[in-house]
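Working notes, beginning with the structure itself.
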Protein chains: 2
Amino acid sequence: MSPEGPHRVVIVGGGFGGLYAALALKRAPVAVTLIDRRNFHLFQPLLYQVATGALSPGDIASPLRLVLRRQKNTRVLLCEVTGIDPARRQVFLSDGELSFELPYETLILAPGVRHHYFGHPQWEALAPGLKTVEDATEIRRRVLLAFEAAERRPDPRERRSWLTFVIVGGGPTGVELAGALGEIAHHTLKEDFRTIDPAEAQILLVESTDRVLPSYAPELSIRAATALERLGVKVRTGAAVTQVEPDGVVLRAGSLEERVAARTVLWAAGVQASPLGRILAEKTAVAIDRDGRLVVEPDLSVPGHPEILVIGDLASFTHQTGRTSLPGVAPVAMQQGRYAAELIQRRLRGEAPGRPFHYRDLGNMATIGRGAAVAELGRLRLSGFLAWLAWLFIHLVNLIEFDNRLLVLIQWAWNYLTWNRGARLITGGSRPPPNHTTR
Amino acid sequence: MSPEGPHRVVIVGGGFGGLYAALALKRAPVAVTLIDRRNFHLFQPLLYQVATGALSPGDIASPLRLVLRRQKNTRVLLCEVTGIDPARRQVFLSDGELSFELPYETLILAPGVRHHYFGHPQWEALAPGLKTVEDATEIRRRVLLAFEAAERRPDPRERRSWLTFVIVGGGPTGVELAGALGEIAHHTLKEDFRTIDPAEAQILLVESTDRVLPSYAPELSIRAATALERLGVKVRTGAAVTQVEPDGVVLRAGSLEERVAARTVLWAAGVQASPLGRILAEKTAVAIDRDGRLVVEPDLSVPGHPEILVIGDLASFTHQTGRTSLPGVAPVAMQQGRYAAELIQRRLRGEAPGRPFHYRDLGNMATIGRGAAVAELGRLRLSGFLAWLAWLFIHLVNLIEFDNRLLVLIQWAWNYLTWNRGARLITGGSRPPPNHTTR
C-alpha cells in the first residue's frame, strides 16, 4: 500500500459510525484499516439488558473480524490511537508494547463518547455508567450484590439502604435501566429470597429537567413516567444530584436539599466526547462545542481538512434549518458512516461533492419493562404494547449477526414467558472501574 | 429455627455435589442453608467452550436462587466459609463486611478444588487454569489477544512465539482445550486476518505420563491423540514442564531439556483440595491424602463425626473392592450429593444406616473438536462422530435450566454449520488472576 496503491482510508472506532462506514466501503477501490481498542462491535442500545441480567454480553457483541472477514479491502487493528498529525496525514497507534504510525489519504474519526461526571471524576467509582461490556457486568454485579447483602443484614435501616437504587439521569438509558430494575424487584426476584421481599426495593430515577425523556414529545414523557411508576419506580424530576457518596446521594430540588441513603447509584446523566477531539482541535481550526464535540462542516469534514471526516458522537452537526445539533444516537452515527463512505467514493470518481449530510430522523423509542414502551416514529406516537413490539422488532433487525438475532429472540421469548433473567451472574472482582474508553 | 425447629442442614458449595444434595432434600423435613461464594451453579464440563468463545458464561451458569426458588425449605447465602467448629457444630462465615456463625445438625462439605501449581504458585499468573467463569474469560482474552498481537508483529520470531500455545496437562480438560484451539486456528479464524495465517499456530499439549487421557482405556488415548493431531495439535507425552516464564516454557523429557518460546500457556495439570479440608483435619481425626483431600468413611462421613459429610472433589473415597480413589468428576459429586441427602433422611426417620456409598460408573467422555470425541460407557468404547453425539446429548440433558439447554443447543447447531464461535470477545482487564476459589 504505497502512495501508488489504493486510496488508504483509516477509520478510528468500530461503533455504529465506524463499522457502517467500513461496510459501506466494501466495493470501493480503497484500502480500509479499521482501528478499535476492542475486538468487537457492541450493540449499545441493548447494553442495559446485559446490566440487568436479561442478555449475555456475547448476545449483543459481534467480533469485528467476523463481521468484516469476507471484506478483503479491509483490515482490523486492535490498537489505541494516541495521536494524529493532520499535516503529515498520519495517525499514531499503540498496542501497549509497540507504537506505530499509520498513513492515510482519508481519515474517518468515530471514537464515540465516555461518561462525564460534571467535574466530579471521583464519582465514577461510586456510580458506574453504562458504555462498555465491563460497565454492564459491573452494574449487574452491584445490583445483584445489593439484594444479597440486604438478605444477610439484620438491621432494617441498613437493609433499606441496600435496597435503595438511585439512577441519575432520565434520558433513554436511565428510563430503561429504571424500568428493568423495577421488573427485577417486583417480578424476577419475587421468590428468590427468604428474609427480604425484593419488592420493598426503592428505585429512584432522578432527572434535572422537568420531565423524563426530555428530548421526546411531552406526551410520551408522561406515558413513560406513568409506566415507570407502575413498576414501582419513583420519578424525581427537577432534582439534581449534588453529591455522590459510598452510601448515598444528596439531591437538590430548588432550594431544598435531601440526603437519600442508597448503596447502589448508577450514572446515566452525562457523556463527554473522546479526547481525540481535543487532540485534533489543537492541530486544526476545528471548533469544540461545550460537550467537547467537534463542529463539523455540512459534509462532516473538519474545516480546512476535507480529508478528515468526523462522525457519530464526536461530531457536532447542526442542519442549516435546525437549531440544535443532532443527538448522540445510533441512527445518526449509522447514517453519517454511510454518508462518509459515499463521499469518499464520489471524490475518487471525481464527481461533484453532492449534497450536505442530512439526518433522516426515523424516530425515538425507549422501553420501560415488559410490554411497555414509548415511540415516536415520524408523526406517529405510540405507547404501551404496540410500541414495545415495534421496539423489539427494530432492535432485533439491527443486530449485526444472524445468530445473535436468533439467540436474543429466544431469550426474550423465554424471559417474557417466565419473567426470568437467566444471565444474572455476579462475576468479576471489585476493582475500581477504569475511566471508560472511547470506542 | 431454634433447636426445637427442623433439623438444620448446612451445605458448603453450590457445585455438582452441594446443589444436587440440596435438590434431593426438597421434600425432607429439614431447613437447608446452601452457602457459596458465587451466586450461580456453573456447569464446569462446558467451561472450556466459554474459554474458546463457543458459548457465553450465561449459557452454562444458573443462578442458585433461581434453581432453588420454589424449594421453600432451602435458603441460599452468598458468603465465604472462614472456619468450622465441629465440637460446637458451627460454621463461621464472612461476606466481606460482616462475620456470622451458623449452627447445624448436619454439615455437608462440597467446596471443590482449586488449581495446583506443584509448589510454583508464581506460575499461576503466567499460566491460568480453568475452574471459574473469570478463568474462562481470561483464557479467551489471552488466546484472542495472541492472534491479535501476531497480526501486528513484523518480526517472524516474535510472531511465532505469539502463535505458539502450550497446554500443560493431557487429561480431559487439556485435551478439550487443545482440540478447541486447533479448531479455532484452522477453521474459525481462517479468514479473519490479513497478515498472519492462523493455521500457522503451534498448539502443544504436554502430558507427563505416556499417553493423553491416562485414566481412560489405552485404545481411547490413541484415538484421542490421532484426532488431536488431525486438528494440528502436537501431542508431547512423557514430557514435564519444569519452568514457566512470561515468554515460554521449559520441557523435560527424560534427560533432555528443551525451551519452547510461547506467549500463551494454559494450565490443565493439577488440582488441590479446598483449604477447608485442612481446617477440618486440624479439628477432627480425619486423614488427608496427598492431594489434600479428606479420607472419608464408607458413608462419606468424617471419622468420629457422622454429622459431617464430605462430598465431591474434597472427598477421598475408595470402594472396598477398589484400589484407587474416585476421580474428581461431576457424576461422582452428583451421586454423592444424592447419597448424602438420602442418608440424612434415613437418619431422621430412624432407619438403619443403609449401604455404604457406591459409585455407579457411567463412563468417561472427552470431545476433540467438531464431530470427534472418545467415550467409554460401561463396556462400550466409542470414538468419532457417534461418541461426539453421545457427548452432546449427555451434556445437554445435564444442564440445569431449560432455557440454557435450548440456547446451548442453538449455539452448537449454529457453530457446527458455520464453524463460527460468536462469543470470542476480549473483555476484562489484564489484572493478575487471583488464586482461584473453591466452589
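For residues in region A:234-273 being of a type in the set (K, R) and either in a strand (DSSP E or B) or not assigned by TED's automatic domain parsing to the domain that holds A:S161 (or both), which is farthest from A:E138 (Cα to Cα)? Only one residue fits best here, namely A:R252.
Among the residues of region B:298-337, those that are within 19 Å of B:V10 (Cβ to Cβ) and assigned to a loop (DSSP other than H, G, I, E, B) comprise B:D299, B:L300, B:G304, B:I311. A single entry from A:L417, A:L343 fulfils the requirement of being assigned to a helix (DSSP H, G or I) and within 14 Å of chain B (Cβ to nearest Cβ): A:L417. Considering region B:216-252, the residues that are among the hydroxyl-bearing types (S, T, Y) and over 23 Å from the mean Cα position of the chain (by Cα) include one that is surrounded by the most Cβ atoms within 10 Å (Cβ to Cβ), namely B:T226. For region A:272-287, filtering for residues that are more than 16 Å from A:T82 (Cβ to Cβ) and under 23 Å from the mean Cα position of the chain (by Cα) leaves 2. Of the conditions (1) modelled with pLDDT of 95 or more; (2) within 30 Å of B:N398 (Cα to Cα); (3) over 24 Å from the mean Cα position of the chain (by Cα), B:Q320 satisfies every one except a single condition; which number is it? The failed condition is (1). So which pairs qualify, if the first residue must be in region B:209-222 and among the basic types (K, R), the second must be assigned to a loop (DSSP other than H, G, I, E, B), the Cβ gap must be under 8 Å, and the two must be at least 6 apart or on different chains? Within 8 Å, the pairs are B:R211/B:G170. The set of residues in region B:101-136 being within 14 Å of another protein chain (Cβ to nearest Cβ), touching a strand residue (DSSP E or B) at 6+ places or on another chain (Cβ under 6 Å) and either outside any strand (DSSP E or B) or surrounded by 14 or more Cβ atoms within 10 Å (Cβ to Cβ) (or both) consists of B:L102 alone.
Evaluation of B:L98 against the conditions (1) in contact with a Phe, Trp or Tyr (Cβ under 8 Å, 6 or more places away or on another chain); (2) facing chain A (nearest Cβ under 8 Å); (3) free of Cβ contacts under 8 Å to residues at least 40 places away in the same chain shows that the sole unmet condition is (1). Counting residues in region B:82-102 that are under 30 Å from B:V397 (Cα atoms) and not charged (D, E, K, R) gives zero. Within region B:137-172, being within 14 Å of chain A (Cβ to nearest Cβ) and aliphatic (A, V, I, L, M) holds for B:V143, B:L144, B:L145, B:A146, B:A149, B:A150. Candidates are the residues of region A:332-370 that are at pLDDT below 95, of a type in the set (G, A, S) and under 30 Å from A:L177 (Cα atoms); the one that is surrounded by the fewest Cβ atoms within 10 Å (Cβ to Cβ) is A:G363. The test for being in contact (Cβ under 8 Å) with a residue 60 or more places away in the chain, away from chain B (no Cβ under 11 Å) and not aromatic (F, W, Y) holds for A:V30.
Of all residues in region A:395-414, those being without any contact (Cβ under 8 Å) to a residue 12 or more places away in the chain, under 14 Å from A:F43 (Cβ atoms) and more than 9 Å from every other protein chain (Cβ to nearest Cβ) number 2.
Being facing chain A (nearest Cβ under 8 Å), more than 17 Å from B:P111 (Cα to Cα) and touching a residue at least 12 places away in the same chain (Cβ under 8 Å) is the filter here; which residues of region B:64-91 pass it? Selection gives B:R65, B:L66, B:R75. In this structure, B:G350 qualifies as more than 14 Å from every other protein chain (Cβ to nearest Cβ) and out of contact with any Asp or Glu (no Cβ under 8 Å at 6 or more places or on another chain). Only a single item in (1) more than 22 Å from B:D291 (Cβ to Cβ); (2) under 20 Å from the mean Cα position of the chain (by Cα); (3) more than 14 Å from chain A (Cβ to nearest Cβ) is not met by B:A61, and it is number (3). Here B:L145 clears all of (1) under 21 Å from B:V233 (Cα atoms); (2) within 17 Å of the chain's Cα centre (by Cα) except the condition numbered (2). Across region A:96-123, the number of residues qualifying as more than 27 Å from A:L343 (Cβ to Cβ) and at pLDDT 90 or above comes to 6. For region A:173-202, filtered to residues that are farther than 30 Å from A:G328 by Cα, within 27 Å of the chain's Cα centre (by Cα) and in a helix (DSSP H, G or I), the residue that is nearest to the other protein chains (Cβ to nearest Cβ) is A:T188.
The values are calculated or read from the model by the stated rules, or taken from the named source; none is laboratory data. Being a predicted model, the structure only gives us computed values, none of them experimental. No Cβ is skipped: glycine too gets one built from the backbone with ideal geometry, and neighbour counts run over all protein chains shown.
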